[in-house]
Amino acid sequence: MSGILAVLGALGTGVASALLPLVNAEAYGIVTATRSHAWLAVLLVLALAVGQTAGKLVIFESARRGAGRWAAKLADSPWAGRATGPAVVLGAATLGLPPLAIVSIAAGAAGQRRWTFGVLCLVGRTARFAVLVLPVAFAF
């Protein structure tokens, strides 16, 4: 039962951390991995990644729907295309640079495809959490 609660907690923490910068999903994953079986850490990684992706999609979609007001300014902006490309989204999701929250807003406002953003965000977040959480889980 505690494994299910840890995974549900990871999912909720992922969503919360995507929307509230004070919540740290990486810290939750690492601390929980020290108290869990290694197989559970894989589920924690996936739950954190899915939660974060869901939260970032909320930000993305909010920016996308609010972009109508700013469409003319965005079209004229020289950085809009570069800041929302697939490589930038994947890099932000994996490395955190540039911050994924800012990239989520820019990609949504620039009209990037929802599926492209979601898949790249999920892949990058999964890789990030796997690199941080799995070594800790297997060490303990």
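The values are calculated or read from the model by the stated rules, or taken from the named source; none is laboratory data. No experiment lies behind these values; they were computed from the predicted model shown. Positions of Cβ are generated from backbone atoms using ideal geometry, with glycine treated the same way; all protein chains shown enter the neighbour counts.
You will find that of Ala63, Ala41, Ala18, Ala67, the residue that is assigned to a helix (DSSP H, G or I) and at pLDDT 95 or above is Ala18 and no other. Residues in region 21-38 that are in a helix (DSSP H, G or I), among the aliphatic types (A, V, I, L, M) and free of Cβ contacts under 8 Å to residues at least 24 places away in the same chain: Ala27, Val31. Kindly establish whether Arg82 is surrounded by 14 or more Cβ atoms within 10 Å (Cβ to Cβ), modelled with pLDDT under 95, basic (Lys, Arg) and more than 18 Å from Gly14 (Cα to Cα). Spelling it out, it is not the case that Arg82 is surrounded by 14 or more Cβ atoms within 10 Å (Cβ to Cβ), modelled with pLDDT under 95, basic (Lys, Arg) and more than 18 Å from Gly14 (Cα to Cα).
Scan region 100-140 for residues that are at pLDDT below 95, aromatic (Phe, Trp, Tyr) and either assigned to a helix (DSSP H, G or I) or farther than 21 Å from Asn24 by Cβ (or both) and the total you get is 1.
Kindly indicate which of Ala49, Ala10, Ala16 is under 18 Å from Ala93 (Cβ atoms), surrounded by 15 or more Cβ atoms within 10 Å (Cβ to Cβ), aliphatic (A, V, I, L, M) and touching a Ser or Thr at 6+ places or on another chain (Cβ under 6 Å). Let's see the steps before the verdict.
Working: Ala10 fails: touching a Ser or Thr at 6+ places or on another chain (Cβ under 6 Å); Ala16 fails: touching a Ser or Thr at 6+ places or on another chain (Cβ under 6 Å).
None of the other options fit; the residue is Ala49.
Cβ-Cβ distances below 9 Å connect the following pairs, each with a first residue in region 88-108 that is on the phi > 0 side of the Ramachandran plot, a second residue that is part of a helix (DSSP H, G or I), and a separation of six or more residues or different chains: Gly96/Arg128.
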